[in-house]
Amino acid sequence: MNSLNFNIDNGYLEGLVRGFKGGILKQTDYLNLIQCETLEDLKLHLQSTDYGNFLANEASPLQVSVIDDKLKEKLVIEFQHMRNQSVTPLATFLDYITYSYMIDNIVLLITGTLHQRAISELIPKCHPLGSFEQMEALHIASTPAELYNAVLVDTPLASYFIDCISEQDLDELNIEIIRNALYKAYLEDFYKFCQTLGDSTGAYMSDALAFEADRRAFIITINSFGTELPKDDRAKLYPRCGKLFPDGLAALARADDYEQVRAVAEYYSEYRVLFEESSNNPGEKTLEDKFFEYEVMLMKKAFLDQFHFGIFYAYVKLKEQESRNIIWIAECVAQRHRAKIDSYIPIF
Amino acid sequence: MGSLYRSEPVALCQLFLQSEASYSCLSELGELGMVQLKDLNVTVSAFQRKFVTEVRRCEEMERKLRFLEKEIREDDIVILDTGDNPEAPAPREMTDLELMFERLVKEVRDLNTSAEALKQNFLDLTQLKHILRKTHSFFDEVDRHYDSALIDLQAEGTESVNLLADDSLLVTPHTIRFEFVAGVVERQHLSAFERMLWRISMGNVLIKQVDIETPLEDPITGNSVLKSVFLIFFQGEQLKAKVKKVCAGFHATIYPCPETKAQRREMAMGVMTRIEDLNTVITQTEVHRFALLSSIAESIRIWSIKVRKIKTIYHAMNWFNIDITQKCLIGECWCPVAQLERIQRALQRGAAKSGCSESAAILNRMDTREQPPTYHSTNKFTSAFQGIVDSYGVASYREVNPALFTIISFPFLFSLMFGDAGHGFFMFLAGLLMVIFENRLIRMRITVDVWDIFFGGRYVILLMGLFSIYAGFMYNDFFSKPLNIFGSSWSTDLKNMTVDGRYASLSPINNTNGVPYFAGIDPVWQMSSNKITFLNSFKMKISIIFGVTQMFFGVILSFQNHRYFNERINIYCEFIPEMIFLFCIFGYLVILIFYKWLAYDASEASCAPSLLIGLINMFLMQYDTKEDGCPPLFKGQQAVQTCLLVLCILCVPWLLLVKPLVKHYERKRGLTYGAARSGYVLMRNGDIELQASHSTLSIQSGDVLLQDQQRDEVVHHVDGDDEECLSNASEETEVRMPCNANTILV
């Protein structure tokens, strides 16, 4: 796959996704959105953007959850359209994007079942991009081995799950471990797949996935403080396709507190800035937000180059960020809690 | 009515409307359709405007109407469209409409929910019917083999069946008990369903499945889905729980299924009667729903129009400024001067309707330096031609409107290309029919896009047909056959003919009677073997003549514009060089064409020079020394052509450079004034920034817009020179492009 014959199979979709990208909300749109007094105002303003009439058939009063569903629905329709039009390797690439949503859905369902929630109550909460046929029968499994043998073996995630079978039962900690182990295997596999595609897809996606891997490594480490997770188990969850691999991960594995994590990040220029500028004080950006900001910056870069698949990944990620922004603003508006309304992350 | 030659004079007016009268006044103005309102609140975001609640209420109503329309379409009821155009209802009627829509939507919703419940019930029963029917054959088979075993089981009253066809089991039928679950699952999930059952039981279940042939209707979406009946046999309570969970996971519906034949039959009978009962109820609900939706369908079109009108009126009111006392709306609008009377009257009507005095609505003409919008008053005949012109570009305010000339030139140029009287006649007929039955066709309201195009251009088609008849007559082409109306002037006098094989050559010297064919082309050409060569040469010359004439005409129209707008410099730096340029090449060419037609006759045809080669040689400055012994076209040809060429080349820098240079010097001279002005703008900008930092966000964003506008102005100012150059260059290309096209034609 190179720039010479990229357009034969993927030219239409690349054009399409670039068009979609043009519809991503701009800074001026956000300035208007945060002035909204009610959700109706929000709807009115979104109507004048690329979202058009996506809320037109919703009865008022509008709920934030309805907006969320509709946002997801719009993304899913766009994504499914692209998926249906695509051929391999792009089709495989797009499938890989959905796997991360599948992992989230599985974890959500297992956690829900653990807390004795009815499956019908949990299904609507799953992200529609990551739904699969066997999903609703997930609650029959009570051990990881059963989960694998009965449900996941037929899904594309089967190969990622093999490492987790040894876990004895499904409790909260183990589910977290399963999630991270799945993610780790998924990221590494996706990374490998992108490398086989080569060219600018490989180059761009290795950047994007390296960041994703490193972010997970940092967050796993930070979240593990104060839990009973042993250090060597923690080390096993780090995805090994990022810039932190291998020295940074080894150092992270030894870390005992936030300061030590920060010290690890010192060695990496791109992450050092994020740690330096973040703080937990109110009014300043948290580390999570800084990571999101960096991600947006990284994703925007994808559109500077042509003839590669990275823009599809980037578009989904940017759209996700946009949904988060809109939902954040909508929540702030709905709860009349305007103090932090402008801590969304602008994209363009 | 104004003339079509220039767009109508348009004036900027200020509208003062008393708040009570504003709605009905705007309604009247909307019906009149002669006013273009200006948005005076560009800087205010959509949801901060004054009448946003009303707009939103209208949107809510539209949503309800959309819902009703969707329901009507689902039932394939025809929506009545009488073509009535109701006026916007009074604002107080809005509440009535809202309440009515609310009630209707609720009614339809209620009907839907009850229909849904009924249908769900119906679906359940049908599925049960299928299960009983399908499993029947299966159990029958078992029964035949294991009658005795079943009798035993019945005696015990347990829910189990023995089904393994293994002879050893016959001996001890009680040792292994199998439980079963019967149900229905969607066929597309069947394979995944089976696989998962197999996996959770480690292969210890037996699944039998039969497809239900008829698709079933999903009660919620209304789609038809294919389903299959399944029977799962397994052993043990634990497995049962798991199987049930899987069934739930795959949305399979499980039904109790009695194991004895008699019980099954009894149940089947019960199900059948219940299905029949349900059917009558469902039909009744559907009839009721149909009646309700039909009554809605009769007036939904009218309601939609009304709601849209209300919405538009409030939308327009959002463009008005509101004065401090809140008693008056102030707006600005463009309106054609000729229509001012009618607008005034409409305003008075509106004021009267709202019960206010006539002074409630005041229209005040204002002076402005802004460029007004272009407005051409068209009628049904001219509007199609105006549309053709507008699709290329809309003339600026008060510029000459080419549509006027297009009325004749467009069909004429079309006919030159079409050129067949017979086909043209049909086209004329089609156009004529559409024009004659115009009113009836409008009333029929055909909503096909292609028809809209044809019907919209009916007068164009009519004229195109008419001109085609004429052109076909001149080309002597009637369904691609010639007509010998006036008698051909060629004769086949065998004495003077050379016959070469199958062809006889007619010489224009010997075989004509010397009188040209009365009008058009001699029919004899249609059957000659060199017809193409002759006609091509003729038609191309004709095309050049008409093409060049049209270009001259266009340039003359631009002269009209320059004179009208008093732009001396454009006359000297655009019109004159353009004319000279055009004349020196193409004007000269046209003269040569006529000259050649007149100067050469058949006897000296061998010496007639090729004009194409002549034109090329003119540019190459090549003049043959007489090889063929023919004289040049005329005496002094070389001197004249060289002179024309030099003139032509001189025009290029004249066109390109003179105007920008003149403008540049003018600007330099007026620099002091310009500097002062831009300084003023800069100061204002500073001012606004200061203001913005003090005021709220909304004002800030508004002012940013304002600033941008001003910056644009400044940029415009600075870039003036380049732009001038560019516009001149584009002007140049504009002239050159058709010239090139013509050269290709030659």
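The values are calculated or read from the model by the stated rules, or taken from the named source; none is laboratory data. The structure presented is a predicted model; accordingly, all values stated were derived computationally and were not measured. We place every Cβ from the backbone using ideal geometry, glycine too, and count neighbours over all the protein chains shown. Side chains are part of the model used for accessible areas, which takes the heavy atoms of the whole protein and leaves out ligands, DNA and RNA. Shrake-Rupley method; radii C 1.70, N 1.55, O 1.52, S 1.80 Å.
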Any chance B:L97 is open to solvent by less than 30 Å² (accessible area, probe 1.4 Å) and modelled with pLDDT of 85 or more = yes
Selection count where residues are within 13 Å of another protein chain (Cβ to nearest Cβ) and either hydroxyl-bearing (S, T, Y) or open to solvent by less than 20 Å² (accessible area, probe 1.4 Å) (or both), scope the range A:53-80 = 4
B:L132 passes all but one of the listed conditions (1) in contact with a Lys or Arg (Cβ under 7 Å, 6 or more places away or on another chain); (2) surrounded by 13 or more Cβ atoms within 10 Å (Cβ to Cβ); (3) outside any helix (DSSP H, G or I); the exception is number (3)
Is at least one residue of the range B:360-367 in a helix (DSSP H, G or I), farther than 30 Å from B:M464 by Cα and either open to solvent by 90 Å² or more (accessible area, probe 1.4 Å) or at pLDDT below 85 (or both)?
-> yes
Filter the range B:315-326 for residues that are open to solvent by 50 Å² or more (accessible area, probe 1.4 Å) and touching a residue at least 24 places away in the same chain (Cβ under 8 Å); which is nearest to B:R63 (Cα to Cα)?
-> B:H315
B:V78 is checked against (1) away from chain A (no Cβ under 14 Å); (2) open to solvent by less than 60 Å² (accessible area, probe 1.4 Å); (3) over 22 Å from B:E370 (Cβ atoms) and fails just one. What number does that condition carry?
-> (2)
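Listed here are the residues, each with its yes/no results for (1) out of contact with any Pro (no Cβ under 9 Å at 6 or more places or on another chain); (2) over 18 Å from B:E217 (Cβ atoms); (3) within 14 Å of chain A (Cβ to nearest Cβ).
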residue	(1), (2), (3)
B:V55	yes, yes, yes
B:C58	yes, yes, yes
B:E71	yes, no, yes
B:E74	yes, no, no
B:P86	yes, yes, no
B:E98	yes, yes, yes
B:R103	yes, yes, no
B:S114	yes, no, no
Please tell me if B:V55 is in contact (Cβ under 8 Å) with a residue 60 or more places away in the chain and in contact with a Lys or Arg (Cβ under 8 Å, 6 or more places away or on another chain).
-> yes
A:N280 fails exactly one of the following numbered conditions: (1) open to solvent by 10 Å² or more (accessible area, probe 1.4 Å); (2) within 25 Å of A:D207 (Cα to Cα); (3) touching a Ser or Thr at 6+ places or on another chain (Cβ under 7 Å); (4) not in a helix (DSSP H, G or I). What is the number of that condition?
-> (2)
Subset of the range A:193-236 (residues that are of a type in the set (A, V, I, L, M, F, W, C) and open to solvent by less than 10 Å² (accessible area, probe 1.4 Å)) | A:C194, A:M205, A:A208, A:L209, A:A210, A:F211, A:A213, A:A217, A:F218
Looking at this structure, is B:V42 open to solvent by 50 Å² or more (accessible area, probe 1.4 Å), within 14 Å of chain A (Cβ to nearest Cβ) and in a loop (DSSP other than H, G, I, E, B)?
-> yes
Given B:T273, B:T312, B:T283, which one is in contact with a Leu (Cβ under 9 Å, 6 or more places away or on another chain) and open to solvent by 50 Å² or more (accessible area, probe 1.4 Å)?
-> B:T312
Counting just the residues of the range A:324-347 that are of a type in the set (G, A, S) and in a helix (DSSP H, G or I), which one comes out least open to solvent (accessible area, probe 1.4 Å)?
-> A:A330
What do you reckon, is B:L163 at pLDDT below 60 and touching a strand residue (DSSP E or B) at 6+ places or on another chain (Cβ under 7 Å)?
-> yes
Could you check, for the range B:568-581, whether at least one of its residues is hydrophobic (A, V, I, L, M, F, W, C) and under 38 Å from the mean Cα position of the chain (by Cα)?
-> yes
When the range B:235-273 is checked residue by residue, the ones that are away from chain A (no Cβ under 14 Å), in a loop (DSSP other than H, G, I, E, B) and not β-branched (V, I, T) are B:Q235, B:G236, B:P256, B:C257, B:P258, B:E259
Counting only residues in the range A:240-265 that are open to solvent by 80 Å² or more (accessible area, probe 1.4 Å) and either in a loop (DSSP other than H, G, I, E, B) or in contact with an Asp or Glu (Cβ under 7 Å, 6 or more places away or on another chain) (or both), the one farthest from A:L209 (Cα to Cα) is identified as A:D256
Taking B:V185, is it within 14 Å of another protein chain (Cβ to nearest Cβ) and of a type in the set (V, I, T)?
-> yes
Failed item in (1) over 23 Å from the mean Cα position of the chain (by Cα); (2) within 13 Å of chain B (Cβ to nearest Cβ); (3) surrounded by 21 or more Cβ atoms within 10 Å (Cβ to Cβ), with A:L152 passing the rest | (1)
Checked pairs for the range A:120-139, first under 15 Å from B:K245 (Cα atoms), second part of a loop (DSSP other than H, G, I, E, B), C-beta under 8 Å and 6 or more apart or across chains, list as A:Q134/A:T155; A:M135/A:C126; A:E136/B:F250; A:E136/B:H251; A:A137/B:F250
Qualifying residue in the range B:203-214 (condition: within 14 Å of chain A (Cβ to nearest Cβ), under 22 Å from B:E116 (Cα atoms) and free of Cβ contacts under 8 Å to residues at least 60 places away in the same chain) | no
Those residues of the range A:26-52 which are touching a His at 6+ places or on another chain (Cβ under 9 Å), open to solvent by less than 20 Å² (accessible area, probe 1.4 Å) and either facing chain B (nearest Cβ under 7 Å) or among the acidic types (D, E) (or both) amount to A:C36
Does A:R215 satisfy the condition of being more than 26 Å from A:L138 (Cα to Cα), of a type in the set (D, E, K, R) and assigned to a helix (DSSP H, G or I)?
-> yes
Only one residue in A:S142, A:S100, A:S120 is in a helix (DSSP H, G or I), within 14 Å of chain B (Cβ to nearest Cβ) and among the small types (G, A, S), so which one is that?
-> A:S120
Output the number of residues of the range B:416-449 satisfying the condition of being open to solvent by less than 90 Å² (accessible area, probe 1.4 Å), within 22 Å of the chain's Cα centre (by Cα) and at positive phi.
-> 0
Elements of type helices (runs of 4 or more DSSP H) in the range B:552-668, at least 1 residues being within 30 Å of B:S409 (Cα to Cα) and open to solvent by 60 Å² or more (accessible area, probe 1.4 Å) | B:588-599, B:611-620
